[in-house]
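All of the numbers you see were taken from the coordinates with simple rules; none came from a lab. Just so you know, these numbers come straight off a predicted model, no measurement behind them. For neighbour counting, all protein chains shown are included, and Cβ atoms are generated from backbone atoms with ideal geometry for every residue, glycine included.
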Amino acid sequence: MTGVGSDAEREKTRLRREIRAALRRMPDAERRRAGATARERIVDLVDRSQARTVLAYLSDGLEVDLDPTIELLLDRGCTVAVPVVLEARGRMVPARITSLDPSAFARDRYDLRSPHLPLSLVDPATLDLILVPGVAFTTAGHRLGRGGGYYDRLLADLPGRVRRVGVCHAGQVVTSVPVEPHDAGVDDLVSV
């Protein structure tokens, strides 16, 4: 590969490696605090935007744990969905969940929790707010994901009215990330 794209990809790879290594060193107590702090900030955003249908994510262990947030949103009567990767289509779809009971989930090919089949799909056009994980974010809303493009494709297909909120640990906020035309950003950032 030659050109700007290859330079951007090399920089993305470097940033991913560096930030994920720092996240692995984070103490468990700090992770728990981050999850609790994120819950407060996200619920405030949900209230202010009057969101009733939220796409959250199920943490990979390094990301901010949204389980406390999801539990509270479910208790408040919100419709909560989580992303499920459909390998055959190369896409991610929102699937509704009604609890975080471990028996309702299996591990997918990425070793992430995923709702058991059959899925109760949520039309992306009905989402009010999406909580977006990432490896790195800038305060301007640029996002560096894992590299599969699943969130980029999902975010590109959402109506403009859907509020896109990046969620990350404070150490994941950087001054810049390489941005290519297909990279989708976020409207707001919850950094804890």
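Structure summary
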| item | result |
| --- | --- |
| Point-to-point label distance, Arg33-Ser120, nm (Cα→Cβ direction, 7 Å offset) | 3.7 |
| DSSP-defined antiparallel bridges as percent of all bridges, the stretch 1-101, nearest 5 | 70 |
| In order through the stretch 73-89: 3J(HN,Hα) via Karplus (6.51 cos²θ - 1.76 cosθ + 1.60), integer Hz, x for Gly, Pro | 4, 5, 4, 8, x, 6, 7, 10, 10, 10, x, 10, 7, 9, 4, 4, 9 |
| Percent of Cα-Cα distances greater than 28 Å, calculated over the stretch 4-191 | 20 |
| Spin-label model distance (nm) - Ala22 vs Thr98, 7 Å beyond Cα toward Cβ | 4.2 |
| The chain, helix-only ellipticity at 222 nm - DSSP H runs n ≥ 4, -39,500 (n - 2.57), divided by all residues, nearest 500 | -10000 deg cm²/dmol |
| Electrostatic dipole magnitude of the stretch 4-191 [Cβ: Lys, Arg +1; Asp, Glu -1; Cα centre; debye, to 20] | 240 |
| Sites Arg41 and Thr13, calculated FRET efficiency, Cβ-Cβ separation with R0 30 Å, nearest 0.05 | 0.50 |
| Antiparallel content of DSSP bridges confined to the chain, in %, to 5 | 50 |
| Per-residue Cβ neighbour rank within 10 angstrom, fewest leading, Met26, Met92 | Met26, Met92 |
| Of all DSSP beta bridges in the stretch 128-192, antiparallel share, percent nearest 5 | 20 |
| Ala95 long-range amide H proximity, modeled H, under 5 Å | Val82, Val84, Val122 |
| Asp75-Thr175 pseudo-label distance in nm [points 7 Å out on the Cα-to-Cβ vector] | 4.2 |
| Distant-in-sequence amide H partners of Gly145 (H built 1.01 Å from N, under 5 Å) | Val135 |
| Proxy reagent accessibility, fewest Cβ within 10 Å first, across Leu154, Leu117, Leu100 | Leu117, Leu100, Leu154 |
